Amino acid sequence: MDDLTHYLGAVVRTVRKVDRDGQLARVVLATRTYPTDIADLWDALTNIGRIPRWFLPISGELRLGGRYQLEGNAGGEITECQPPKHLALTWEYGGNISWVTVTLQAETDSRTMLTLEHAAHVPDDFWEKFGAGATGVGWDLGLMGLALHIEKRATTPPEENAAWMASEDGRNFMRLSSDHWCVASIEDGEDGAWARAAAERTRQFYSGEGPEEPG
């Protein structure tokens, strides 16, 4: 696997709190620029034939008002779709509903900035145990998979590569990603000791060392 610093360092991470439907929602926000034009990046995000090459197998109707299902993961409804710049959907998993928004902005004819925002009403015990990394590490994997697909036309997502996930590179990725989300949490005002402990529990989970699965 190529230098993990290239992929993890390319992402700007933010953690924040917002009010959604009268309740506290936790938001993880990730921004990254990809070396391709906005039309190609939009196609990679919305083409049912390309999504499995960098993320997960998917089924459903990928259109406004349509429903999608990621194999073994979340499903939901596409609530906003403004090609090639804006996509919003519900993220329904384990009986819970959260919200994902993706925005694209062309920087040049061959560079496009992607901003991904995931907002959720997170149970207090879940947040205390894992913090932002429970969601953030998963999206870091997805953003790296997208980068490998765009830059190298890779066709196997990191999460689908069991050997890589179990390798030293895979374990280092989980550690570094967890550390990055820890820093973002501290910058949002969270206690440093708590954030570091939550990041370690998140690393252990993604590395297959326990604790129990988030949620």
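Residues considered: Gln105, Gln82, Gln69. Of these, the only one that is in contact with a Ser or Thr (Cβ under 8 Å, 6 or more places away or on another chain), farther than 26 Å from Trp181 by Cβ and either of a type outside the set (A, V, I, L, M, F, W, C) or touching a residue at least 12 places away in the same chain (Cβ under 8 Å) (or both) is Gln69.
Given the condition closer than 29 Å to Asp188 by Cα and not polar (S, T, N, Q), answer yes or no: does some residue in the range 57-69 qualify?
Within the range 57-69, not a single residue is closer than 29 Å to Asp188 by Cα and not polar (S, T, N, Q).
Look through the range 22-63, keep the residues that are more than 20 Å from the chain's Cα centre (by Cα) and in contact (Cβ under 8 Å) with a residue 40 or more places away in the chain, and return whichever of them is surrounded by the fewest Cβ atoms within 10 Å (Cβ to Cβ). Checked the range 22-63; the qualifying residue surrounded by the fewest Cβ atoms within 10 Å (Cβ to Cβ) is Gln23. With respect to the conditions (1) modelled with pLDDT under 95; (2) surrounded by 14 or more Cβ atoms within 10 Å (Cβ to Cβ); (3) polar (S, T, N, Q), Ser178 falls short on a single one, namely (1). Here Thr108 fulfils each of the conditions (1) more than 19 Å from the chain's Cα centre (by Cα); (2) closer than 26 Å to Phe173 by Cβ apart from (2). Within the range 146-162, residues that are over 18 Å from Thr33 (Cα atoms) reach partners that are part of a loop (DSSP other than H, G, I, E, B) with beta carbons closer than 6 Å, at six or more positions or on different chains, in the pairs Pro157/Phe55. If the condition is being surrounded by fewer than 17 Cβ atoms within 10 Å (Cβ to Cβ), of a type in the set (Val, Ile, Thr) and over 23 Å from Leu64 (Cα atoms), then the range 90-133 contributes only Thr108. When residues in the range 8-31 are screened for being in contact with a Phe, Trp or Tyr (Cβ under 9 Å, 6 or more places away or on another chain) and either assigned to a strand (DSSP E or B) or at pLDDT below 95 (or both), 7 of them pass.
The values are calculated or read from the model by the stated rules, or taken from the named source; none is laboratory data. In this text, all values refer to a predicted model and were calculated from it rather than measured experimentally. Cβ atoms come from the backbone with ideal geometry, glycine included; neighbour counts cover every protein chain shown.
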